[in-house]
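Presented below is the structure to which this report refers.
What follows draws every value from the coordinates through simple rules; no lab data is involved. The shown structure was predicted, so the numbers you read here are calculated from the model rather than taken from an experiment. Here Cβ is always computed from backbone atoms with ideal geometry, including for glycine, and neighbour counts include all displayed protein chains.
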Amino acid sequence: MPALIRIEGVIRRFGDIVAVAGVDLDIQAGELFALLGGSGCGKTTLLRLLAGFEAPDEGRIVIDGVDMTGVPPYARPVNMMFQSYALFPHMSVARNVAYGLERERLPRAEIEARVAQVLDLVELGAHAGRKPHQLSGGQRQRVALARAIVKRPKVLLLDEPLAALDRKLRERTQLELVELQRRLGITFVMVTHDQDEAMTMATRIAVMDRGRIVQVGAPAEIYEQPVNRFVADFIGLANIFEGDIVGRSDGLLRIRCGPLGGEIAAPAVAGLAGGAVSLAIRPEKLSLRRDDAANTGGLAGHVRDVVYLGDESIFHVALQTGATVQVTRMNAQRRASAAITRGDAVRVTWADDAVVVMPQ
């Protein structure tokens, strides 16, 4: 099936700064696609290129089979929901949602029917007569969403759509947006710097760095199989080390890594047969036990610090090799009589398949 959105070799410069550096990307119809990266990585510029607010210096953007070169924003089959929501304070909820349809001079009866339909969809039908200042932050966000989808675009662009909400409301709204997108069937392209938000909401993620896309994949693929050190470090927590491949046996690479105690085993990776590599182990893939007569395997160390997060704790363990690793453990019991605390001597272990091997 042809992609709904095809970005081909797009470059966008601002003077000497290359904001988007040769991006190629396909987005399928019905996806909730996230552009994820830190500040200045080019994700917002790429979104503005899709919207038509910026024009590429090189390359082209095709939406639903039509080359968007020279097509102004208002003529594109897209709509954009801004981070600020940009609601008209003097207009009611219904008038805010109807504004774009009124500018198109649609019949009044059609406008009223479409506004009522979309307000019911976002569960704001009872608030149609209210002004924006009479709504909560989450309700204003849904008004902005209703205004964006009432024009029935093929693609909805969302620029940090939940950044203005507090944590609990943001988490609840993430799931509401996902469910709404499924019901509508509209392709969502979302820009965010929040890894958790992208992992929670997106069907696929494009991780960006310095104007380039470094990896595209489903959330689980991005997290479990990062293609390089940047992705492993940017997405979630990761213990990252350097090593050298010294051999291969039984489908496993043998890697010399001093910080991890010498030679370790890791799953083989296509294209990597020798030389220097980076290694990543997620904190939840490490096991932590007291260093006593019953637990003598793994690497010895001591707990330098413990960060309590309610549902889990993060242990910072100083190994005898000189390295420090982070280990996460779920707090399954309210009180543990034998809890590991700061200063305790411990042993750290992991399975061979916990190690991700990446090119340096």
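Taken over the chain, the alpha-carbon convex hull comes to 182 cubic angstrom per residue. When region 5-224 is described by a simple charge dipole with +1 on each Lys and Arg Cβ and -1 on each Asp and Glu Cβ, the residue from LEU119, ILE11, GLY211 located farthest towards its positive end is LEU119. In a simple Cβ point-charge model (Lys, Arg +1; Asp, Glu -1; nothing else charged), the chain has a dipole of about 1060 debye relative to its Cα centre.
Near PHE230, within a Cβ-to-Cβ distance under 12 Å, what is the net charge of the other residues, with Lys and Arg +1 and Asp and Glu -1? For residues surrounding PHE230, the net value is +1. Spin-label model, VAL269 to LEU309: label points 7 Å out along the Cα-to-beta-carbon direction sit 2.4 nm apart.
Using a basic spin-label model with each label point 7 Å from the Cα along Cα→Cβ, how many nm lie between ALA75 and HIS133? Those two pseudo-labels are separated by 4.0 nm.
Summarising the label geometry, the points placed 7 Å from Cα in the beta-carbon direction at ARG108 and ARG60 lie 4.5 nm from one another.
Measuring nothing but how far apart in sequence close Cα pairs (under 8 Å, 6+ apart) lie, relative to its length, the chain scores a relative contact order of 15 percent. From helices alone, the chain scores -7000 deg cm²/dmol at 222 nm; the rule is -39500 (n - 2.57) for each run of n ≥ 4 DSSP H residues, then divide by the residue total.
Each Lys or Arg adds one and each Asp or Glu takes one away; over the other residues whose Cβ falls under 15 Å from the Cβ of LYS43, this sums to -1.
Calculated FRET efficiency, GLN117 to PHE88, Cβ-Cβ distance, R0 = 25 Å: about 0.75 to the nearest 0.05. Which net charge results when you count Lys and Arg as +1 and Asp and Glu as -1 among the other residues whose beta-carbon is under 11 Å from that of LEU101? That sum, taken over residues with Cβ under 11 Å, equals +4. If the chain linking ALA126 and ARG342 were pulled fully straight, counting 0.36 nm for each residue of separation and taking away their Cα-Cα distance, it would gain 72.4 nm. Per-residue extension of 0.36 nm, minus the Cα-Cα distance of LYS154 and ASP353, leaves a gain of 67.5 nm for this segment.
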